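The values are calculated or read from the model by the stated rules, or taken from the named source; none is laboratory data. These numbers were taken from a predicted model, which means no experiment stands behind them. So basically every Cβ, Gly included, is an ideal-geometry build from the backbone, and we count neighbours across all protein chains shown.
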Amino acid sequence: MIVQGLAGPVSMSDSLSAGQDYALRLDNTGGLVSGLSHGGMYEATYRDSMFVVANQAAVATTAAMATTWTGLLVGNPTTSTKNLVMRGFGYANTVAVPTATVIGLMTGTGASCTASLTPRNRKVGASGSSVAVANAGQTLPGTPVLEQVFSAAGTIATTGQGSGLQWVDLDGSMILTPGAFVATYSFAANTAAWIFSFLWEDVPR
């Protein structure tokens with residue numbers, strides 16, 4: 001097999017055409033230049049397969065693994081032909097003195113995840129939609145299992161700010177197969193004090 005390389009940067013004014021043959025890029029010593037251009041999530045986002053969802057207002061949280069639950073949930077329908085590869089999770093409290101709690105993620109399986117929030121395509125303006133369903137509260141299909149905890153938020157002076165903003169890079173370490181869901185976990189119940197978000201990629205099975 002003959003592999004052709006081209007030394008130096010590639011000058012281009014338009015996207016490359018799919019299905020065409022192009023020379024590999026070489027540096028001035030003949031070494032192969034490879035890497036992720038434009039950030040590690042660019043390719044998936046460009047292909048319309050990266051999605052996000054967030055609470056649109058502060059929500060109350062139920063305690064621990066209660067099945068009558070509120071927070072933020074992403075579910076993969078049982079009829080799905082995709083896996084949901086979870087890439088990130090964010091959370092922030094909106095009041096100065098939330099009830100002391102621990103924030104984490106819990107998972108489960110079942111066919112009864114409902115849709116009340118619409119996932120957004122991270123390629124803003126694109127028309128592609130996710131197979132996922134999302135909501136801010138439902139009766140969970142069975143008791144979930146706690147997977148991870150991330151931080152504690154406790155009662156502090158009103159001039160402070162609980163846990164502040166937190167972002168967790170899940171980096172594909174959680175995959176929701178058809179019928180699976182991930183939901184926010186709070187050790188203690190809270191009034192409407194939290195906003196959550198999830199970032200994921202739809203990937204063919």
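Suppose we keep only residues that are assigned to a strand (DSSP E or B) and over 19 Å from the mean Cα position of the chain (by Cα) within the range 100-129. Which one would you say is surrounded by the most Cβ atoms within 10 Å (Cβ to Cβ)?
Quick first cut of the range 100-129, residues assigned to a strand (DSSP E or B) only: 101-109, 117, 120-121.
With the extra rule that they be over 19 Å from the mean Cα position of the chain (by Cα), the set shrinks to 101-102.
Details: 101: 25, 102: 17.
Top of the filtered list is 101.
If you go through the range 57-73 one residue at a time, how many are under 15 Å from residue 89 (Cα atoms) and more than 14 Å from the chain's Cα centre (by Cα)?
Within the range 57-73, residues that are under 15 Å from residue 89 (Cα atoms) and more than 14 Å from the chain's Cα centre (by Cα) number 1.
From the residues in the range 78-99 that are among the hydrophobic types (A, V, I, L, M, F, W, C) and not in a loop (DSSP other than H, G, I, E, B), which one is surrounded by the most Cβ atoms within 10 Å (Cβ to Cβ)? Lay out the reasoning, then the answer.
Restricting attention to the range 78-99, the residues satisfying the condition of being among the hydrophobic types (A, V, I, L, M, F, W, C) are 84-86, 89, 92, 95-97.
Those still in the list that are not in a loop (DSSP other than H, G, I, E, B) too: 84-86, 89, 92.
Numbers: 84: 27, 85: 20, 86: 22, 89: 25, 92: 19.
Per the criteria, the residue is 84.
Go through the range 37-77 and count every residue that is under 28 Å from residue 141 (Cβ atoms), crowded, with 16+ Cβ neighbours inside 10 Å and polar (S, T, N, Q).
6
Any idea how many residues of the range 168-205 are assigned to a strand (DSSP E or B), over 10 Å from the mean Cα position of the chain (by Cα), over 18 Å from residue 132 (Cβ atoms) and not polar (S, T, N, Q)?
Looking only at that region, the number is 5.
Go through (1) out of contact with any strand residue (DSSP E or B) (no Cβ under 9 Å at 6 or more places or on another chain); (2) closer than 18 Å to residue 121 by Cβ; (3) at pLDDT 90 or above one by one and return the number of the condition residue 39 breaks.
Against the list (1) out of contact with any strand residue (DSSP E or B) (no Cβ under 9 Å at 6 or more places or on another chain); (2) closer than 18 Å to residue 121 by Cβ; (3) at pLDDT 90 or above, residue 39 comes up short only on (3).
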